[in-house]
Structures are given as structure tokens and as C-alpha cells.
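Trainee: Could you have a look at this structure, given as C-alpha cells, before my questions?
The values are calculated or read from the model by the stated rules, or taken from the named source; none is laboratory data. Keep in mind the model is a prediction, meaning the values are calculated, not measured. Cβ atoms come from the backbone with ideal geometry, glycine included; neighbour counts cover every protein chain shown.
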Amino acid sequence: MLKKLMITTALTGAMLGAAAAQSNMDTPAGSAPRANAPIAHSGDAKFINAQSGDQWLSSNFIGVDVIGADNEKIGDVSDILFDKNGNVAAYVVGVGGFLGIGAKNVALAPTSFQVMPAYADRGTTGSASSTAPEDVKLKLNMTKDQLKQAAAFESKRDQDARARAAAQPAPGTGTNRPATR
């Protein structure tokens, strides 16, 4: 068993060394990488050195206004849902409520939205694709009432809390089993 472990370790080390050597040979001598180009290091890690003009940070994107077809605010982005591969699966939009209290969260795929300059209704021009997140709005071809009627988004944490609450013993019984006579 120890012999197999040693052989496996040696082979893995040799394969990683070969992969690292190949990634270093991909860049011609004397050429510098671009500022926002990913830099490959050993393994699969790729570092991004700078944010480009067409990229947004999620921390700045949360709170962006969502407007309806009539250009009236119908909610705002309260969270962003990612899949296990890091792709954006949905924008969670808070609709209704006052100052976040009583708001209902609804999750919609990013393709449901159109990115608009925040001041498009004021006659300014420009492309939203190169604008900072605080200078954009997301336009949705729905009304506030339609969003309010949509199924509420329930996070995994909310689902787990609901399941724990359902499994708790009923008050005063000390057990979660039905009482027997």
C-alpha cells in the first residue's frame, strides 16, 4: 500500500511539473501580459489583475434600481444567485415593502433584464455596457403587481431554517412525536 502511495505521489508531481513547464512556454519571451488578462500559475488558478470597463463587482451591483416597462421603479437588486461554477443564475429583486421591511424577494434570470443608463429618461446618451453599476438601472418588462404575484424566492438558508422549525418539538410537549393515549 505504501509503495502505491509513493508511486502515485511521484507520478502526480511529474505531471504537475510538466504542466507548469508548458504554461511557462506559452508566453513568448519579451511579451508582457495585458493588464486585465488572466495570468496562469501552477494548477488551475487564474488571477485577474484589474477590472475591465465591461465588468461589475457584485458588491456595487446590489441595490441597483429595477424599473418596469413604464420606467417607474418596481424594486431593486437585493442579492445575486450564483451556480456552483460561478455563473450568475439570477438577480434577486426586492419588491414592495418599505425600507426593506416587508419586501418580497423574487429571483429572475439575468436574461430577463435589459441594462439601461440610470439617466436615460433625462435625455443623456451613452452605452450602459461601459458604465459603472451605480450609473445603471435594470429594466424588466413586467409591472410591480406582476412581481408581487410571482412566487417568492427562498434561499437555501431560509429552506433549512424552515425545515429545522418544522422538526422542533411542539411547545409544552417535549417531543415532536404525536401524543399517544
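Trainee: Looking for something in contact with a helix residue (DSSP H, G or I) (Cβ under 7 Å, 6 or more places away or on another chain) and at pLDDT 50 or above - is there at least one such residue anywhere in the stretch 21-39?
Mentor: For the stretch 21-39, residues in contact with a helix residue (DSSP H, G or I) (Cβ under 7 Å, 6 or more places away or on another chain) and at pLDDT 50 or above: absent.
Trainee: Determine the pairs where a residue that is of a type in the set (S, T, N, Q), located within the stretch 44-68, has a partner that is surrounded by 10 or more Cβ atoms within 10 Å (Cβ to Cβ) and part of a helix (DSSP H, G or I) with Cβ atoms under 6 Å apart, the partner being 6 or more residues away or on another chain.
Mentor: Pairs that qualify, where the first residue is of a type in the set (S, T, N, Q) and the partner is surrounded by 10 or more Cβ atoms within 10 Å (Cβ to Cβ) and part of a helix (DSSP H, G or I), are Asn60/Pro133.
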